[in-house]
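> I am attaching a structure below and will ask some questions about it afterwards.
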Amino acid sequence: MEITRHLFYNLSLLIVIAFFSLIWFEKKSNRTLSKTTSIFFFAFSLWVCLAVSYTPAPNLHFDLREIPIIISGLYLGLGPLMCALCIVLRSFFDTDGGFLANALLYAPIGFLLWRLHPWYVKIGSRQKIMASVMISITVSIFTAICLEVFDPPVNHFDAWFAYLLIPPLGVGIYSYFIEFIRRNILMYQSLVKTEKLEAVEQMGAAISHEIRNPLTAASGFVQLLKDPSVPAHKRNEYLAIVSQELESAERVIQDYLTFSKPALDYMEELQVKKELTQVINILRPTANQYSVQISTNFSLVGTIRGDRQKFQQCFLNVIKNAIESMPGGGQLTISTHFSEYDITIEVKDTGVGMTKDQISKLGEPYYSTKGKRGTGLGMMVVYGIVKAMKGTISVESAVGAGTTFTFTFPAVIKNEQF
């Protein structure tokens, strides 16, 4: 069974080539192959088949050249090209009776595969596998007949068994691989499309809900302003409310823009202590309203690179959330720690805390621990800004025991800090 053993060896090489090609294909971002790449792959596979062919006699070459020819011909319409290449490559070995048999066999096969290609691409996945195997069996029968006519092998049973079993098996494996990959690509594309549509729907609903409320309120007060009998002081009060509602709508839009494009517009060196102090001063009235005591413990030094406006927006969101988590008052501690390579910022509150499930969902689109009062945009923005500044976030919390946010950013090392 020498022929059978060598053809199995040939098939194993083709499977290895297909395996590494699949690994390379999965690394491609666009998940498509050009025709030139496909031709190179099948031409290389054909050359490998001929290079490792079993040659018990100088004019006899037993190999699996029909596998790359049939697969490329049926799936890509490359039958004539691959058959011509097969004839040319076979001529490098010799031009005796074996070469003539190869030419007489594969010239019509190339034409037949070219004619079958339009029909083949239209049939179903299972039909393709069955059709390719049947075509391979037919080609194998004609190959064995050509062997008997031009140069009969010593072991007839071994030759017929090898050609009727191994090439159809190889063609079936290749066809199954191709259909399996195609099915996975279609499922992946469908999943991506569904996720995009779902994201658009959620975003549309969130934008509609969050912007409609302030616009409705502003519209109502504009209607009141149309009444000429409204006193001047009331008119000014209504205008102030309209301005506040429009600013609220603008903040929602800005949060969406920051989340969708977290890239930093302008990078500069930021003194962490100075920036956090400014954020605290902005939120001091809110803390007083909630009866929250703010204490700080800042290291003397600490510089990072980032966008000042986005850095402040990030910690405005975090600290404001911490204050609002203590409706009955509490203690908010903000501290920084400087090391040789990192700046750590810790925001710790004594608020209501969160469960492990809530912590795991922080930063996800439209998820908020505030229920109907929140949109989830604030934490999405926080995670987006921290990622853009090459930082990390860790959260520790327990229900009723408060929450601690720990931010770590790469430090800017300066000589005066040593």
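> Given the criterion at pLDDT below 80, of a type outside the set (D, E, K, R) and over 11 Å from PHE407 (Cα atoms), identify the matching residue among GLY353, GLY384, GLY371. Outline the logic, then answer.
Numbers: GLY353 fails: at pLDDT below 80; GLY384 fails: at pLDDT below 80.
When all the criteria are applied, what remains is GLY371.
> Six or more apart or on different chains, Cβ atoms under 7 Å: show the pairs whose first residue is in region 178-189 and touching a residue at least 40 places away in the same chain (Cβ under 8 Å) and whose second is basic (Lys, Arg).
Matching pairs, first to second residue: GLU179/LYS128; ILE185/ARG31.
Every residue, every condition in (1) of a type in the set (Val, Ile, Thr); (2) crowded, with 16+ Cβ neighbours inside 10 Å; (3) under 29 Å from the mean Cα position of the chain (by Cα); (4) at pLDDT 85 or above, yes or no:
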{"position": "HIS6", "(1), (2), (3), (4)": "no, yes, no, no"}
{"position": "SER12", "(1), (2), (3), (4)": "no, no, no, yes"}
{"position": "ILE15", "(1), (2), (3), (4)": "yes, no, yes, yes"}
{"position": "PHE19", "(1), (2), (3), (4)": "no, no, yes, yes"}
{"position": "GLU26", "(1), (2), (3), (4)": "no, no, yes, no"}
{"position": "SER29", "(1), (2), (3), (4)": "no, no, yes, no"}
{"position": "PHE40", "(1), (2), (3), (4)": "no, no, yes, yes"}
{"position": "SER45", "(1), (2), (3), (4)": "no, yes, no, yes"}
{"position": "VAL48", "(1), (2), (3), (4)": "yes, yes, no, yes"}
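> Okay, next question. Looking at region 342-365, which of its residues are assigned to a strand (DSSP E or B), within 23 Å of PRO327 (Cα to Cα) and touching a helix residue (DSSP H, G or I) at 6+ places or on another chain (Cβ under 6 Å)?
Restricting attention to region 342-365, the residues satisfying the condition of being assigned to a strand (DSSP E or B) are 342-349.
Next, from what is left, pick out any that are within 23 Å of PRO327 (Cα to Cα): 346-349.
Correct list: VAL347, ASP349.
> Report, by residue number, each residue of region 306-332 that is within 19 Å of ALA411 (Cβ to Cβ) and of a type in the set (Gly, Ala, Ser).
Once the filter is applied, which keeps residues that are within 19 Å of ALA411 (Cβ to Cβ) and of a type in the set (Gly, Ala, Ser), region 306-332 yields only GLY306.
> Conditions: (1) more than 21 Å from ALA159 (Cα to Cα); (2) outside any helix (DSSP H, G or I). LEU60 meets all but one. Number of the miss?
Condition not satisfied by LEU60: (1).
> Here's a follow-up. In region 324-341, what residues are surrounded by fewer than 22 Cβ atoms within 10 Å (Cβ to Cβ), within 37 Å of the chain's Cα centre (by Cα) and not in a strand (DSSP E or B)?
GLU324, SER339, GLU340, TYR341
> Quickly run through region 291-305 and pick out the residues that are out of contact with any helix residue (DSSP H, G or I) (no Cβ under 8 Å at 6 or more places or on another chain) and part of a strand (DSSP E or B).
Selection gives SER295, ASN297, ARG305.
> For the structure I just gave you, tell me whether LEU164 is surrounded by 15 or more Cβ atoms within 10 Å (Cβ to Cβ), out of contact with any strand residue (DSSP E or B) (no Cβ under 7 Å at 6 or more places or on another chain) and among the aliphatic types (A, V, I, L, M).
Yes, satisfied.
> Quick test for you: out of SER190, SER208, pick the one residue that is at pLDDT 80 or above, exposed (fewer than 12 other Cβ atoms within 10 Å of the Cβ) and not in a loop (DSSP other than H, G, I, E, B).
Unique residue meeting the criteria: SER190.
> Continuing with this model, one more query. Given the residues GLU247, GLU195, GLU268, which is the only one that is at pLDDT 85 or above, more than 30 Å from PHE20 (Cβ to Cβ) and not hydrophobic (A, V, I, L, M, F, W, C)?
Working: GLU247 fails: at pLDDT 85 or above; GLU195 fails: at pLDDT 85 or above.
One residue alone meets the criteria, GLU268.
The values are calculated or read from the model by the stated rules, or taken from the named source; none is laboratory data. The structure displayed is predicted, hence computed values, not measured ones. We place every Cβ from the backbone using ideal geometry, glycine too, and count neighbours over all the protein chains shown.
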